[in-house]
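Worksheet for the structure shown next.
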Amino acid sequence: MRDEYVKATKDYKTSLEKLLAIYDENVKTEENKLTQAKKLLDEGLVARHQVEEIESALKDAKDKASETHRQMDQADTQIANVLVEEKADEQFAKNLRMAKGGLLQTTSFIRYNGGGAWALTDAWKVQRFFADTFKKPLPIAVFGQGAIHDRWRLDHHNSMDVSLYPDTAEGQALMNFLRANGIPFLAFRQAIPGTATGPHIHIGRPSHRY
Ligand SMILES: [Zn+2]
């Protein structure tokens, strides 16, 4: 698992670096266009809305670049989470179907099969609970489907990963809230050997291979 983790993290970071180079290039291109367009605007040769269009394209390009930076900063955590979830998916395949509202605990994970309707658009409820209780934002590491899930063909569209150890007070409080609201989750205790990454709480149904 450790070797797999190291290799996957390296591959992922390399692909993000390539992506970032493209996005940085786009930012430069839009910046140059904007400088030109502003000059032309001063000379009355283009309309203001044309300048605004370039400004908006520049903003998009900058957003993409900073999102990629964020992904790179969290690459280790993301990969570890994906890997741990993938291993669990293999284990689930061997398990019997769980009843709605059922709770399954093993040494490596806790799975709650919430009976309520869950959609990622309800994430704000969980965020609000956590912020109200602990006076800090919910530490979300992965929100919805990321590039890494596409690459590994894992369905994470309707899930989010929270960077909390299940056995801490915060982790416990979060799990109690989720159970009280019928929201399905999986809490992973397992770390990738030799690292601090891996433990997290996955909110939503388990992510299956597609
Ligand atoms: Zn997850």
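Below is a table of values for the structure above.
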read-out: Criterion violated by Gly198 - all others in (1) modelled with pLDDT of 95 or more; (2) crowded, with 18+ Cβ neighbours inside 10 Å; (3) out of contact with any Pro (no Cβ under 8 Å at 6 or more places or on another chain) satisfied; value: (1)
read-out: Residue count, the range 54-101 (criterion: within 16 Å of the ligand (Cβ to nearest atom), in contact with a Leu (Cβ under 9 Å, 6 or more places away or on another chain) and of a type in the set (D, E, K, R)); value: 3
read-out: Exclusive hit being within 23 Å of Lys100 (Cβ to Cβ) and not β-branched (Val, Ile, Thr), set Arg189, Arg205, Arg128, Arg153; value: Arg205
read-out: Qualifying position, being within 16 Å of the ligand (Cβ to nearest atom), modelled with pLDDT under 90 and charged (D, E, K, R), among Asp150, Asp155, Asp122; value: Asp150
read-out: Criterion (among the hydroxyl-bearing types (Ser, Thr, Tyr) and more than 20 Å from Ser108 (Cα to Cα)) met by exactly one of Tyr210, Tyr165; value: Tyr210
read-out: Residue tally, condition surrounded by 12 or more Cβ atoms within 10 Å (Cβ to Cβ) and either within 25 Å of the chain's Cα centre (by Cα) or not β-branched (Val, Ile, Thr) (or both), over the range 33-46; value: 7
read-out: Contacts under 8 angstrom Cβ, first residue in the range 134-145 being in contact (Cβ under 8 Å) with a residue 24 or more places away in the chain, partner assigned to a strand (DSSP E or B), 6 or more apart; value: Leu138/Val162; Pro139/Val162; Ala141/Asp161; Ala141/Val162; Ala141/His200; Val142/Met160; Val142/Asp161; Gly144/Met160
read-out: Single unsatisfied condition, Thr133 versus (1) more than 16 Å from the ligand (Cβ to nearest atom); (2) of a type in the set (Ser, Thr, Tyr); (3) within 15 Å of the chain's Cα centre (by Cα); value: (3)
read-out: Flag for Arg153 being basic (Lys, Arg) and either under 21 Å from Gly198 (Cα atoms) or touching a residue at least 60 places away in the same chain (Cβ under 8 Å) (or both); value: yes
read-out: Pairs where the first residue, in the range 189-203, is in a loop (DSSP other than H, G, I, E, B) and the second is of a type in the set (S, T, N, Q) and more than 9 Å from the ligand (Cβ to nearest atom), C-beta under 8 Å, 6+ apart; value: Arg189/Thr107; Arg189/Ser108; Gln190/Ser108; Ala191/Thr197; Thr197/Thr77; Gly198/Gln190; Pro199/Gln190
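Yes/no matrix, rows are residues, columns are (1) assigned to a helix (DSSP H, G or I); (2) of a type outside the set (Phe, Trp, Tyr); (3) modelled with pLDDT under 95:
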{"residue": "Glu17", "(1), (2), (3)": "yes, yes, yes"}
{"residue": "Ile22", "(1), (2), (3)": "yes, yes, no"}
{"residue": "Glu25", "(1), (2), (3)": "yes, yes, no"}
{"residue": "Asn32", "(1), (2), (3)": "yes, yes, no"}
{"residue": "Gly44", "(1), (2), (3)": "no, yes, yes"}
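The values are calculated or read from the model by the stated rules, or taken from the named source; none is laboratory data. In this text, all values refer to a predicted model and were calculated from it rather than measured experimentally. Don't worry about glycine lacking a Cβ; one is built from the backbone with ideal geometry, like all the others, and counts go over all protein chains shown.
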